[in-house]
Amino acid sequence: MPQLFFDDDAYAVVAAACERLIPGATDAGVADYVDGLLGAFAVDPPRIWAGGPFSGRHGGDAGFGSFIPLTPMDELAWRTRIEGSQGIAEREFNGPVVGLQQRYREGIAALGADFTTCDPEEQDARLRAQADFTALLYEHACEGMYGAPEYGGNRNGSGWQRIDFEGDVQPRGYTDEKVSQP
Amino acid sequence: MGSGPGGSAAADVLTAAGWSVVIFEKGRNHLLDLDDPERLKGDYSNDELKFTIRHFLGPDPFLEPRTFRRRERDGDHAFVGDVNNVPSTVGGGGVHADGKLPRFREADFRLHTEYGPIDGAALADWPLTYDDLEPFYAEAESLVGVAGDAGANPFAAPRSGPYPMPPGAPMYGATLSAAAAERLGYHPYPAPTGANSVPYGGRPACNNCGFCAFYGCPIHAKGDPVAPLQRALLSGRAELRPETFVSRINISNGRATGVDYVDAAGHTHTETARHVVLAAGAVETPRLMLLSGLDHPLVGRHLMFHFQTLVMAGLRQRVHPHRGRSVTHVHDDHLVPDDRSKRAAKDAGLPWFRGGMVEHCGPSTPIQEAKLYPWGDAHARSMRESSLRERMWGFTMQGEDMPQATNRVDLDPTVRDVRGFPVARITYDSHRFERAASAHYGERLTEILHEMDAEWTVTTTSPDASFPYGDFISPVPQSKHVMGTARMGADPSTSVVDPYGRLHDVPNIVIADSSVFVTSSGYGPTLTLVALALRAATAMMR
């Protein structure tokens, strides 16, 4: 899938950083998850809320892939959160907001253009030196690793498979025996 | 105002009696097709990102922030953002709740008489008794569909009949913790739960998917509040207006004449009405009263949460807390003072204390778990071993929270919502009653976990003033049980509403949510607020 937000260099830095945070993140497409969040408004409906009620992985129709349209109010909230307020009055009713895109641009720059070629020890040192950005990236890496695959990460459920988690199980659910027995 | 459990229950009663009702809901409608209320929208799903991280059920804390401070001396506010947000969506808090629907006990309505006053707390008896409410509890259980075992809890108040359904399948972890609790002399029992154990009310039985607390139910096995809302809409006499924010109740000559509201496009309108029912929850209801100039000095005061004591164990075996309906067992022993708790209360300088209902539970979803582990090479191993999910089990005690006049909701002086209205500001600090009770019962719950052969245990509380704002545990209470901001009573000088929820000052305004609670008990508030809403709506027709 073409990237929605990152250029190739930025994507490579994010992917390499996520792999240090969560080994296996690259295979699971965690950077695609982050790209999908930061570029949510590049598609319509925006990739904010996956649909329902079922994913099709355990029966029923595959509804997760049909993202839920946003109201103008929802769009205001999510554009502000992602793009920042950018001096736009309707986004600044309680003051300016720094968006996720800007935090990523600055964070990626701080990790360095040569981040992908550094050895793992150096990469970890740079991540530790950028504690605020790394905390944000780790939040998103966890979401991309273990969130529903429709958001771009957890490719083919690989994040869930690693931990023997079945993910969304509707409409099959679990039998009473599976609930009550070891 | 409000389409949650209280508003839906009131609308059901009023429409059944032939009244015309308009239900205003500021959140979106993800629940049912307004043209064909028997058709469900299908927007709910087993999706951790959508429900626990991306504010799907609202309110979005950017659009509708709240503010918080512990004490007035902390300044205008110490924190702005998500302050105890209960869903702002059609169905309200009923959508995200895991549906534990216990009744209160007789003593819960007369704590002051039963146990005596507590210094610094505005403890009072309710102006009604358990017996007054029992018929409405029975009606509420039938309306919503509650599964339970009437004979299983020795502390339960008398009932006029059985639960509408038997309990559902017990979770494996709960079978272990319940057995350990029993060995130590406690009395765990199947949690009364508003999730179908068998097909009921035209809705299917719960299939144990595990995405229960904080999630909308994809198959609508949870009955609250879809059942009363559906019935009200199917009567043809109720109109539901989502994405409409009521900004003011219009009052003339001591009577409400209707409301002003802002529609989804931002346009303001007026709706006239002979009666106004407030069911926006114990934060938004007093906010609207204050926005409307209803200035009874107690509006917004006596805000209560439940003081949560979280006692968790690391276990040797996996107990798969992600299978089942979040909580299947509870125990009530800590709601009744015993010799040991009386000694501990005395040591703490209190005449008495008690805790609350204890939920036997474990963490169920992996994103939440993953964020607890450090990043790096050990992450994958931590997730596979899963000491903080698959091998974790324990208790959440919903501890009784003393009413204090200084704990309150008022209007923030500077922070606005997206529509330009002042947001609710919460000023809240716990009383030493809660902290002392939590310390005592936390130790006793830890004993049960050791009886379960725990490898290790950890105890935290919410709120905890020693943690920073913005963290999961912080000075802001996590409990979504919000109560008390328009307390009920017979005396207009010490209460905001009368025993039927009518404002003393403006009697055609009726409150049908947990704002009216006099004390918090240690039980989840939903069934009690639904019973009170049914009783209040019935009284409106006299």
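Readers should treat all values here as calculations from the given coordinates under stated rules, not as data from a laboratory. These figures come from a predicted structure and were not determined experimentally. FYI the Cβ positions are ideal-geometry reconstructions off the backbone, even for glycines, and counts take in every protein chain you see.
For this structure, a couple of remarks:
- For chain B, averaging the sequence separation of C-alpha pairs within contact (under 8 Å, six or more residues apart) and dividing by the residue count gives a relative contact order of 22 percent.
- Kirkwood-based shape ratio for the range A:8-180, expressed as Rg/Rh from alpha carbons: 1.03
- When the listed pairs B:K100/B:K342; B:K41/B:K100; B:K41/B:K480; B:K26/B:K50; B:K41/B:K222; B:K26/B:K100 are checked against a 22 Å cut-off, the alpha-carbon distance exceeds it for B:K100/B:K342; B:K41/B:K100; B:K41/B:K480; B:K26/B:K100.
- With contributions of -39500 (n - 2.57) from each DSSP H run of at least four residues, the per-residue ellipticity at 222 nm computed over chain B stands at -7000 deg cm²/dmol.
- Label point at B:E447 placed 7 Å out along Cα→Cβ; residues across the range B:336-375 whose backbone nitrogen lies under 20 Å: B:336-350, B:352-361
- Trypsin sites (Lys or Arg not before Pro) restricted to the range B:139-236 and DSSP loop, no more than 16 other C-beta within 10 Å: B:R159
- Neighbouring Cβ atoms from other chains, within 10 Å of the Cβ of residues in A:123-133, number 1 on average.
- Dipole magnitude of chain B, debye to nearest 20 (Cβ charges: Lys/Arg +1, Asp/Glu -1, about Cα centre): 260 debye
- Taken over chain B, the convex hull of the Cα atoms encloses 141 Å³ per residue.
- FRET efficiency for the pair B:D35 and B:R237, taken as 1/(1 + (r/R0)^6) with r the Cβ-Cβ distance and R0 = 25 Å, rounds to 0.95.
- CD proxy at 222 nm, helix term only [per DSSP H run n ≥ 4: -39500 (n - 2.57); per residue of chain A; nearest 500]: -13500 deg cm²/dmol
- Zone of B:D260's modelled label, taken as backbone nitrogen in the range B:397-423 under 19 Å from a point 7 Å along Cα→Cβ: B:411-423
- In this structure, A:Q161 and B:D149 have a Cβ-Cβ separation that, at R0 = 45 Å, corresponds to a calculated FRET efficiency of about 0.70.
- Spatial separation of Cα centroids for the range B:105-160 and the range B:40-75, in angstrom: 30 Å
- Compactness index (Cα Rg / 2.2 N^0.38 Å), the range A:47-143: 1.45
- Spacing of the modelled spin labels on A:T175 and B:T270, each 7 Å from Cα toward Cβ, amounts to 6.4 nm.
- Cα coordinate range in the range B:139-271, projected on the principal axes (Å, largest first): 61, 35, 26
- P(r) of the protein assembly as shown over all Cα-Cα pairs, binned every 20 Å from zero, in whole percent: 18, 53, 28, 2
- Projecting the Cα atoms of B:S520, B:H306, B:L111 onto the charge dipole of chain B (Cβ charges, centred on the Cα centre) puts B:H306 farthest toward the positive pole.
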